[in-house]
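J.: One structure is given below, represented as structure tokens, and several questions about it will come after.
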Amino acid sequence: MAKDHTKFIVRAGLIAAIYVVLTIMLGEKSFGPIQVRISEALVLLPLIDTAAVPGVAIGCFLANLFGGYGIIDIVFGSLVTLIAAYLTSKMPNKILGIIPPVLLNTFIVSIWVSKINSWPYGLTALTIGLGEFFSVAGLGTGLLILVDKIKHYR
């Protein structure tokens with residue numbers, strides 16, 4: 001039992017670390033009203049590993065410490081990612097798994113990002129939503145296909 005718990009923590013930590021590195025590596029492209037956070041591809045991993053739920057949430061929290069949007073993004077952005085990852089873990093397939101992170105980031109994160117940047121909410125929601133859709137639907141689906149292939153060859 002302890003061995004399984006340890007493996008869970010290690011997987012969650014690895015996912016968090018990858019999320020942080022991918023987010024920070026792209027710098028300003030990961031934050032703001034026009035953003036493509038490629039680390040959001042990882043939010044589909046809860047479909048195949050529950051350790052990804054805390055992993056992406058902790059990764060988002062740590063990455064947002066460097067984002068410049070302050071406590072609101074650190075707390076609420078991370079909470080949005082946690083909720084999206086949890087809801088994704090309950091989805092029956094990849095297509096439906098895309099919905100929670102895209103909708104939650106589009107409509108919730110855009111609230112404070114639009115206010116901080118003095119952008120219209122609708123425009124901010126559109127640009128964040130498009131970036132999130134690209135990351136989750138495009139890159140995240142590709143990631144899941146790659147993980148499936150790796151599992152197949154093991």
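Please treat every number below as a calculation from the coordinates, not as lab data. Please read these numbers as outputs of a predicted model, since none were measured by experiment. Heads up, the Cβs are rebuilt from the backbone with ideal geometry, glycines too, and the neighbour counts pull from every protein chain shown.
J.: Stretch H5-I99 to full length: gain in nm at 0.36 nm per residue minus the Cα-Cα span?
T.: Contour length minus Cα-Cα distance gives 30.9 nm.
J.: Give me the mean projected area, in nm² to one decimal, of the convex hull enclosing the Cα positions of the range 25-105.
T.: Seen from a random direction, the Cα hull of the range 25-105 projects 4.8 nm² on average.
J.: Calculate for the chain the 222 nm mean residue ellipticity that helices alone would give, adding -39,500 (n - 2.57) per DSSP H run of length 4 or more and normalising by residue count, nearest 500 deg cm²/dmol.
T.: -18500 deg cm²/dmol
J.: Which of the DSSP-defined H helices in the chain satisfy a minimum axial length of 18 Å, computed from C-alpha atoms, and a minimum mean Kyte-Doolittle hydropathy of 0.0?
T.: Taking the DSSP H segments of the chain (at least 18 Å long, mean hydropathy at least 0.0), we get 2-25.
J.: Take the chain, connect every pair of alpha-carbon atoms lying under 10 Å apart with a spring to form a Gaussian network, then pick out the residue of G67, G59, G122 with the largest mean-square fluctuation.
T.: G122
J.: So which of K29/K151; K94/K115; K94/K149; K7/K94; K7/K151; K7/K149 end up more than 26 Å apart by C-alpha?
T.: K29/K151; K94/K115
J.: While we're looking at this one, here's another question. Order these by the 10 Å Cβ neighbour count, fewest first: V10, V147, V36.
T.: Ranked by crowding around the Cβ, least crowded first: V10, V147, V36.
J.: Using a Förster distance of 25 angstrom, determine the FRET efficiency expected from the C-beta separation of S118 and L79, and round it to 0.05.
T.: The pair S118/L79 has a calculated efficiency of 0.55.
J.: Per residue, how much space in cubic angstrom lies within the convex hull of the C-alpha atoms of the range 63-127?
T.: 78
J.: Given points 7 Å out from each Cα along the Cα-Cβ axis, report the M25 to V147 separation in nanometres with one decimal.
T.: So the two model labels end up 1.7 nm from each other.
J.: Most exposed first by the Cβ proxy, i.e. fewest other Cβ within 10 Å, how do L42, L65 rank?
T.: Ascending number of Cβ neighbours within 10 Å: L65, L42.
J.: Further question on the same structure: Rounded to two decimals, what ratio of Rg to Rh does the chain give with C-alpha atoms and a Kirkwood Rh?
T.: 0.98
J.: Another question, if that's okay. Who wins for biggest fluctuation among K115, K29, K94 in a Gaussian network model of the chain, springs between alpha carbons below 10 Å?
T.: With Cα springs under 10 Å in the chain, the top fluctuation among K115, K29, K94 is at K115.
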